[in-house]
Amino acid sequence: NFINKEINATNNDSVDLTGILGTITNNGSINHKVNLFSSKGLITNNGTITNDGTMKNDVYGIINNHNNVVNNSNFNNSHIINNKASSFINNRNTFTNDKTINLEATSILNNFSSFTNNDLLNIIANSAYVNKSQSTSTNTKTIDNFGLITIEDSSIFNLEASSDLNNKSNANINNNGTLNCKKNSTFHNDGTFTNESGSETMRGIFNLFGL
């Protein structure tokens with residue numbers, strides 16, 4: 001296991017860490033293969049981080065991604081991820097957001113497998129969230145879209161009960177897959193929602209389940 005500690009962390013060696021924050025700056029490649037990589041400090045990624053084990057951005061943890069994060073296994077965010085300009089998060093397995101992800105302008109989050117938002121996904125203007133073919137996205141809390149959401153063919157996007165999808169003015173949602181608005185969920189549209197026609201096998205489906 002690897003643990004990046006929070007500010008003022010305690011330790012078994014009685015070393016005074018007052019005012020010291022665990023900090024990782026990656027300008028190359030970090031390949032996490034097995035077990036747990038946990039961070040309660042600051043990670044600045046200018047290169048590539050690839051997760052093949054279990055990675056957790058824990059309470060107090062902040063990840064500033066300036067390039068590429070690839071999740072091939074299990075990733076949990078419990079504090080803040082800032083996906084900076086022109087950067088990518090590529091999820092190829094299971095990604096759970098329990099706090100805040102900010103997709104900044106010109107950045108992209110690609111979901112190729114399973115993504116669950118349990119708190120806030122903030123898609124800033126000129127950024128994009130892409131639900132790739134054969135993938136599933138599940139929202140249980142709040143998605144604020146100021147940019148672009150694309151739901152590709154043969155993919156599923158679920159708004160669970162008591163969740164909100166806020167498509168802001170000048171924002172766009174393009175649905176070529178299946179968008180399910182479950183009972184007691186809310187889809188606020190002040191922008192543009194396009195339910196694509198496509199072909200018989202690539203047609204957007206918008207399901208509303210009650211009020």
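The values are calculated or read from the model by the stated rules, or taken from the named source; none is laboratory data. Everything numeric in this text was worked out from a predicted model, so none of it was measured. With ideal geometry, Cβ positions are generated from the backbone for all residues, glycine too; neighbour counts draw on all protein chains shown. Each accessible area value is taken on the protein alone, full model and side chains, heavy atoms only, with ligands, DNA and RNA left out. Shrake-Rupley method; radii C 1.70, N 1.55, O 1.52, S 1.80 Å.
Data for the structure
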quantity: Any hit, the stretch 3-14, residues being of a type outside the set (Gly, Ala, Ser), crowded, with 18+ Cβ neighbours inside 10 Å, modelled with pLDDT of 95 or more and in a strand (DSSP E or B); calculated: no
quantity: Test: residue in the stretch 108-117 that is at pLDDT 95 or above, crowded, with 17+ Cβ neighbours inside 10 Å and either in contact with a His (Cβ under 9 Å, 6 or more places away or on another chain) or farther than 22 Å from Asp52 by Cα (or both); calculated: no
quantity: When residues of the stretch 127-138 are limited to those that are buried (at least 19 other Cβ atoms within 10 Å of the Cβ) and in contact (Cβ under 8 Å) with a residue 40 or more places away in the chain, the one nearest to Asn166 (Cα to Cα); calculated: Ser127
quantity: Near pairs, Cβ below 6 angstrom, 6+ apart or cross-chain, from the stretch 152-168 (over 14 Å from Asn111 (Cβ atoms)) to any residue that is of a type in the set (Phe, Trp, Tyr) and in a loop (DSSP other than H, G, I, E, B); calculated: Lys168/Phe146
quantity: Residue in the stretch 57-105 that is farthest from Thr44 (Cα to Cα), counting only those that are touching a Ser or Thr at 6+ places or on another chain (Cβ under 8 Å) and either of a type in the set (Gly, Ala, Ser) or modelled with pLDDT under 95 (or both); calculated: Ser73
quantity: Criterion violated by Asp98 - all others in (1) more than 12 Å from the chain's Cα centre (by Cα); (2) open to solvent by 50 Å² or more (accessible area, probe 1.4 Å); (3) acidic (Asp, Glu) satisfied; calculated: (1)
quantity: Near pairs, Cβ below 9 angstrom, 6+ apart or cross-chain, from the stretch 58-70 (over 19 Å from Asn1 (Cβ atoms)) to any residue that is of a type in the set (Phe, Trp, Tyr); calculated: Asn65/Phe88; Asn67/Phe88; Asn68/Phe88; Val69/Phe75; Val69/Phe88; Val70/Phe88
quantity: Odd one out for Ile124 among (1) over 30 Å from Lys168 (Cα atoms); (2) open to solvent by 30 Å² or more (accessible area, probe 1.4 Å); calculated: (1)
quantity: Qualifying positions in the stretch 15-46 - modelled with pLDDT of 85 or more and in contact with a Leu (Cβ under 8 Å, 6 or more places away or on another chain); calculated: Gly22, Thr23, Ile24, Gly41, Leu42
quantity: Checking Leu109 against (1) in contact with a Ser or Thr (Cβ under 6 Å, 6 or more places away or on another chain); (2) farther than 17 Å from Asn180 by Cα, the condition it does not meet; calculated: (1)
quantity: Residue ID - nearest to Asn195 (Cα to Cα), chosen from residues in the stretch 153-163 that are open to solvent by 10 Å² or more (accessible area, probe 1.4 Å) and modelled with pLDDT of 95 or more; calculated: Ile156
